[in-house]
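Computed from the coordinates by the stated procedures, all read-outs in this text should not be read as laboratory data. A quick note: this is a predicted structure, and the numbers were derived from the prediction, not measured. Cβ placement follows ideal geometry from the backbone for every residue including glycine, while neighbour counts extend to all protein chains displayed.
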Amino acid sequence: MSLETISGRDGPILWPPRSPFLKILVFYLWGHLKQIVYREPVENDEEQLKTRIQNAVKSLSIEEIRNRFNEFRARIEICSEKG
């Protein structure tokens, strides 16, 4: 299996060219939301968890979402070039 390198927040990331991590929701959004939601411990309270998730989604700026889609487009182009 060959590996490609992409830029991550903490440095380069090796990944297979057909990786499911090309999916923007998997690669960025869920990890980012998880960091926000679980910044503080969540009690065993479903409503509290739902509220935190909703607030985390609302906290995303249009610019941030646009930047993630641009990064996603760049990854697609790399995959397209590599076949």
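Using a simple spin-label model with pseudo-atoms 7 Å out from Cα toward Cβ, Trp30 and Ile53 lie 1.1 nm apart. With a Förster radius of 30 Å applied to the C-beta separation of Val42 and Phe72, the computed FRET efficiency comes to 0.55.
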